[in-house]
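The values are calculated or read from the model by the stated rules, or taken from the named source; none is laboratory data. Just so it is clear, the model here is predicted, and its values are computed rather than measured. We place every Cβ from the backbone using ideal geometry, glycine too, and count neighbours over all the protein chains shown. When the accessible area is computed, the model is the full protein with side chains, heavy atoms only, and any ligands, DNA or RNA have been set aside. Shrake-Rupley method; radii C 1.70, N 1.55, O 1.52, S 1.80 Å.
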Amino acid sequence: MAGTGANTLARAEQFIWLTARVLEQRRFAHGFLGGGPDAVETALSAYLNEDGGYGHALEPDLRGPVSQPLHTAHALSVLDSIGRCDGQRVERICRYLTDVSTKEGALPALLPTQRGYPAAPFIPIVDDPPAELLATGPVVGLLHGNQVWHAWLFRATDFCWSAVDALEQSHPYEVEAAIAFLDGAPDRARAEAAADRLGRLVREQGLAVLDPSRPADYPVATGYAPGEHHFPHDYARTPGSLARRWFTDEELERSLDHLAAEQQDDGGWPVTWRRWAPGTALEGRPLVTLRALETLRSYGRPLG
């Protein structure tokens, strides 16, 4: 680990130009160098399919051209980051979401159309995939957060509330999906109450490493890579997230110190999830690097 200093952003920039896809280069330029949103949207359009969904390994762990909910959720997050989660572009996406939803009106993690194309072995391909909070929560939360109103959201929102209310045993990525939903949910009083319960669950089940100097004290979820821990900043990515209330100031500061120190010698941040193909790790690191920079900046950490 290289740690960080006054040249954090400059080192990350060199890493991005050296390794990132065009989309992540454009996102970095928009987010940190004053670049315009048009270039980001143009780069994102290369992943758009005729059915209104996104494919072509936009989410690196799913290869091949076919549209998938996880790719489309990724596209929505990009549009949100440039202030363009609206209008016809989102109407088209919502039509796609309607077409691929389960009978509950929510999203599966992976459609069987992925069969025949490479995909991460930890994402199973089944003929009749169930609706999952992991896939649905971030999409619903983001659309609500952008004041998008579409018929698809009614049943999908109900599904998310039911799924969040039913959570008793969970794992970090599912909790992250739940808080992404709650951060955007229109019923703020209900969202705050649900988030409070979820925060207690996270602490009781050891789903966040509260002391980065003692990671072995915290369990790694079943199926995760060795050492694939999650920290307070993974849940509370901005100070305005409901998850920020789950952690003391000291716990959050330690978490951000750990995140800052994770910048590598080449300027990028490491991928912590299971690596199954060389290209997926290569494409994943710029994404992780962008997220780290955005999180540090949101908490007022100096980037140089």
Inset, instruction - Over the alpha-carbon set of the range 1-110, work out the extent along each principal axis and list the three values in angstrom, largest first. - result: 52, 30, 22
Inset, instruction - Provide the per residue accessible area, probe 1.4 Å, for the chain, rounded to a whole number of square angstrom. - result: 45
Inset, instruction - State, to one decimal in nm, how far the label point of Trp149 lies from the label point of Thr248, with both points 7 Å from Cα in the Cβ direction. - result: 4.5
Inset, instruction - Run the dipole for the range 1-75 about the Cα centre, Lys and Arg Cβ at +1, Asp and Glu Cβ at -1, nothing else charged, and hand back the magnitude in debye, nearest 20. - result: 300
Inset, instruction - Send over the Kirkwood Rh of the range 170-247, from the inverse of the averaged 1/r over different Cα pairs, rounded to one decimal Å. - result: 12.8
Legend entry - Shape call, the range 46-96: gyration tensor on alpha carbons, a/c limit 1.5: oblate
Inset, instruction - Please give the length that would be gained between Arg188 and Arg275 if that part of the chain were fully extended, namely 0.36 nm times their separation in residues minus their C-alpha to C-alpha distance (nm, one decimal). - result: 27.5 nm
Legend entry - Accessible-area composition of the range 1-121, carbon plus sulfur, in percent [1.4 Å probe]: 51
Inset, instruction - Just the number, please: carbon plus sulfur as a percent of the accessible area of the range 124-252, 1.4 Å probe, no ligands or DNA/RNA counted. - result: 52
Legend entry - Three-way shape call for the range 119-164 based on the alpha-carbon gyration tensor, with the a/c threshold at 1.5: prolate
Inset, instruction - Starting from the exponent 0.38 and prefactor 2.2 Å, build the expected Rg for the range 182-304 from its residue count and divide its actual Cα Rg by it. - result: 1.11
Legend entry - Loop sites in the range 159-262: GluC sites (Glu not before Pro), DSSP, at most 11 other Cβ within 10 Å: Glu168
Inset, instruction - Compute the convex hull volume of the Cα atoms of the range 33-192, divide it by the residue count, and report the result per residue in Å³ as a whole number. - result: 128
Inset, instruction - Could you size up the charge dipole of the range 158-304 around its Cα centre, putting +1 on the beta carbon of Lys and Arg and -1 on that of Asp and Glu, and report it in debye to the nearest 20? - result: 160
Inset, instruction - Would you please put 130-137, 39-46 in order of how densely packed they are, using the mean number of other Cβ atoms within 10 angstrom per residue and starting with the highest? - result: 130-137, 39-46
Legend entry - Measure of compaction for the range 91-158 (Cα Rg per 2.2 N^0.38 Å): 1.16
